[in-house]
Amino acid sequence: MPMLTDLQGQIEKITYSDKESGFTIARVTVDGQRDPVTVVGNLMSPVPGVILKMKGEWANHPKYGRQFKVIDYKTAVPATVCGIKNYLGSGLIKGLGPVMAGRIVKKFGIKTLDIIENKIEKLADIDGIGEKRIAMIKTAWDEHKDIRDVMLFLKTYEVSTGYSVKIFKQYGNRSIEVVQENPYCLATDISGIGFATADSIAKKLGFPKDSELRVKAGILYVLNHLADKGHVFYPYEPLIIECVKILQVNREIVVRAIDAAAAEGKIIIENIDDSVEESKTHNKAVYLAKFHFCETRIAFLLKKLVCSPKSIRNIKTDKALEWVQGQINVTLAKNQAEAIRSSLENKVIVITGGPGTGKTTIINAIIKIFSRLKTKIMLAAPTGRAAKRMSETTGHSASTIHRLLKFSVQKGGFQKNEKNPLNCNLLIVDEASMIDTILMHHLLKAIPTGATFILVGDVNQLPSVGPGNVLSDIIKSNLIPVIELSEIFRQARESRIIINAHKINKGIIPDIKAQDSSGSRKDFYFIQQEDPENVLETIVELVKERIPSRFGFNPIEDIQVLTPMHKGVIGAENLNAKLQTALNPGKDTVICGNRDFKVNDKVMQIKNNYEKDVFNGDIGRVISISTIDREVIISFDGHKMTYSFTDLDEIILAYAISVHKSQGSEYPAVVIPILTQHYILLQRNLIYTAVTRGVKLVVMVGTGKALAIGVSNNKTQKRFTYLRYRLS
């Protein structure tokens, strides 16, 4: 360990600060030195004006010159009038900017901080500060003191500044006590803090590797990790093997911890029936309790709905079919007529088919008939964009499932349920392949037993992001009628996007010629590129220049890059960085982890936020960034939402997104990178889903070999679910 040097100074300016790691570059004024010193290191919530008492070492950076590397430090409040002014005006206290800080310091001088601490009511002597602002300042000041204590404690255990803020938000003044008693609760209570972080803290606190708290938390972590991959349960023996590998403890310890977690009701262990396919390799299934409850209830509620009498009167279906064709001025195909007939004769049905097969025509016809019967009709979809598209194509109001079920943060949970059901006789849900196990459970709870329930979707797309394979399981169960649409209608046959999508779905290489014999423009292109760097350059050029100039699309609003991966040269992270530089080179920036956001950026919400009424997959634009209020305002389809800097881990750049995240959405133009190097990721349903997101233009960039691999690969990742057997 080198000899450390002591250095004390006052922060003059924050040049850079990473919220997640706390890594900071700051300019610090030091007594006896003419110019400010550059200081680098992990600092907690650095604020101009704060005094740093540091231990560290001097170093020469090849580009930036002499720097002081901080190894350890303590903070103190500023002791000079200028320092206090900088401190208060730095954004430390919400609603208190440089101007108001200047007025306060001018009035109270060196005693300012003592006044705020002990005699805050005296701030009323300042013009522009009333009781409301005094209350705001007091709340923020007290919170800052408390959070500083928590951060100092957590800093010992190398917890990042961003996570420290979240821990304090969750537990308040109890944060230190909670972490000392059971650090593993951080992994389950706080978004973004995983088992690895909690385990690292626990190790420093002296928790042994084979502690029951650790192993139980580890089992829940493994099950949650497997749920992220789509599994509703996981087989008993493979789960034990996975836990032993990750936790590095003996099998016997894991078995005891599984039994203990089951006794506490955190997990459910269920024997698999000998008659089902899974029993050939596994005889026991281990569920997180919430998934077991939801899966069993889905089966119960769906069977109950199927068996309950209809709330609408019986009608002559042949006469209704004849009437509705005149109303919509369309001669229905055989499968379309079958779907409409089934909707009138059954309580629950599934309509599935690819693009251009007439699903919208069927929905419109069903709505016409049920409207004539003067029934109450509701339409819904899993995402905002899918609901909006449903409204546009039917002329009937549609909402997201979350809004339909009226989620309330204040009251806790969905307000529509068995006790307070939806007021409808017919519910049609589009994009049903996206509905996961938990959401389907909540939806079925709210459907009146007399209502007709119609699920519409494309079962060949990627399954839901959340655990389960609900639509596929319902179809395979043979519990309810399923109408499969395969005929492509004449108008749709003019689109190469639709034709190629169906070819891909059948395992046929799509037509990738640039144009037809007449030389007319096409809506589906394939640009051959072998090297990932060339693919990257081509995509940036396409989005920024070539597509907008030729087709007139807005590069940010109309063009969406869809990629099979997150990492790598053509992964979403790198593509976003390059596209942000090319399309939005603005300077108003806020840094969150390894991402920076600018005014005008295209962004995506990546977790459901019921309080804001914004959900996983919603895309918006950054409207403004305030360093004083430490807030970012984002517009989602005209709805403006405010995010504090500490909440920005819910947001990612969205110039490029994963194919999974695009489900339920359509875009005027999509660009899809596809390379042979990523053959493991290239599955038919992934390529099919990506292509079907494009409405007017699809451009694929990569190798023909990669496309051939993906189209031929019809093997999808196994998802462990038991729903189809519960329904059978």
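The values are calculated or read from the model by the stated rules, or taken from the named source; none is laboratory data. Please read these numbers as outputs of a predicted model, since none were measured by experiment. Quick reminder, even Gly has a Cβ in these numbers, built from the backbone with ideal geometry, and neighbours come from all protein chains shown. The protein model used for the area step is the full one, side chains on, heavy atoms only, and it has no ligands, DNA or RNA in it. Shrake-Rupley method; radii C 1.70, N 1.55, O 1.52, S 1.80 Å.
Which pairs, out of 107/138; 13/138; 419/661; 347/368; 145/612, put more than 23 Å between their alpha-carbon atoms?
Flagged as over cut-off: 13/138; 419/661; 145/612.
List every residue whose amide H lies under 5 Å from the amide H of residue 623, counting only residues 5 or more places away in sequence or on a different chain, with H placed 1.01 Å from N in the peptide plane.
Excluding prolines and chain starts, which carry no amide H, the hits are 600, 633, 634, 635.
Do you know the relative contact order of the range 1-80, to the nearest whole percent, from alpha carbon pairs under 8 angstrom that are 6+ apart? Can you show the working numbers first?
On the way: 180 pairs, mean separation 23.4, N = 80.
So the answer I get is 29 percent.
What's the carbon and sulfur percent of the chain's accessible surface, probe 1.4 angstrom, rounded to a whole number?
It is 49 percent, rounded to a whole number.
Might you tell me the accessible area per residue for the chain, computed with a 1.4 Å probe and given in Å²?
With all protein chains present, the chain gives 46 Å² per residue.
Highest mean first, how do 383-394, 244-255 rank when packing is the count of other Cβ atoms within 10 Å averaged over residues?
Result, highest mean Cβ count within 10 Å first: 383-394, 244-255.
Quick check for me: using +1 on Lys/Arg Cβ and -1 on Asp/Glu Cβ, what's the dipole size of the chain about its Cα centre, in debye to the nearest 20?
I would put it at about 1420 debye.
Heavy atoms only, 1.4 Å probe, whole protein assembly: order 459, 540, 99 by accessible area, highest first.
Putting 459, 540, 99 in descending order of accessible area: 99, 459, 540.
Rank these residues by their accessible area, most exposed first, probe 1.4 Å: 243, 82.
Values: 243 0, 82 85 Å².
Heavy-atom accessible area, descending, gives 82, 243.
For the range 364-436 and the range 6-79, write down the distance between their C-alpha centroids in whole Å.
Comparing the Cα centres of the range 364-436 and the range 6-79, I get a distance of 55 Å.
Please arrange 618, 588 by accessible surface area, largest first, computed with a 1.4 Å probe and ligands excluded.
On the way: 618 30, 588 100 Å².
Ranked list, largest accessible area first: 588, 618.
Report residue 292's accessible area, 1.4 Å probe, all protein chains in place, as a number in Å² to the nearest 10.
Here the accessible area works out near 40 Å².
Rounded to the nearest 0.05, what FRET efficiency do residue 419 and residue 59 give with R0 = 56 Å and r taken as the Cβ-Cβ distance? Could you check?
0.30
How charged is the neighbourhood of residue 531? Take every other residue with its Cβ under 14 Å from the Cβ of residue 531, and add Lys/Arg as +1 and Asp/Glu as -1.
-2
Here are several values of mean projected area of the Cα convex hull in nm²: [x] 39.5; [y] 35.6; [z] 37.9. Which one was derived from the coordinates shown?
Label [z] holds the value from this structure.
Between exposed chymotrypsin sites (Phe, Trp or Tyr not before Pro) in the chain, where DSSP calls loop and at most 16 other Cβ atoms lie within 10 Å, what's the longest gap? Numbers along the way, then the final one.
Values: sites that count: 64, 157, 489, 610, 679.
With chymotrypsin sites (Phe, Trp or Tyr not before Pro) excluded where exposed in loops, the chain gives 158-488 as its longest stretch.
With the dipole of the chain worked out from charges on the C-beta (+1 for Lys and Arg, -1 for Asp and Glu) around the Cα centre, which of 404, 687, 635 lies farthest toward the positive end?
Checking the options against the dipole of the chain, the answer is 404.
In deg cm²/dmol and to the nearest 500, what is the mean residue ellipticity at 222 nm of the chain if only DSSP H runs of at least 4 residues count, each as -39500 (n - 2.57), divided by the residue total?
On the way: 26 runs with 275 residues, N = 728.
Using -39500 (n - 2.57) per qualifying helix, the result is -11500 deg cm²/dmol.
Taking 19 Å as the cut-off for C-alpha to C-alpha distance, list the pairs among 229/290; 544/602; 155/216 that go past it.
155/216
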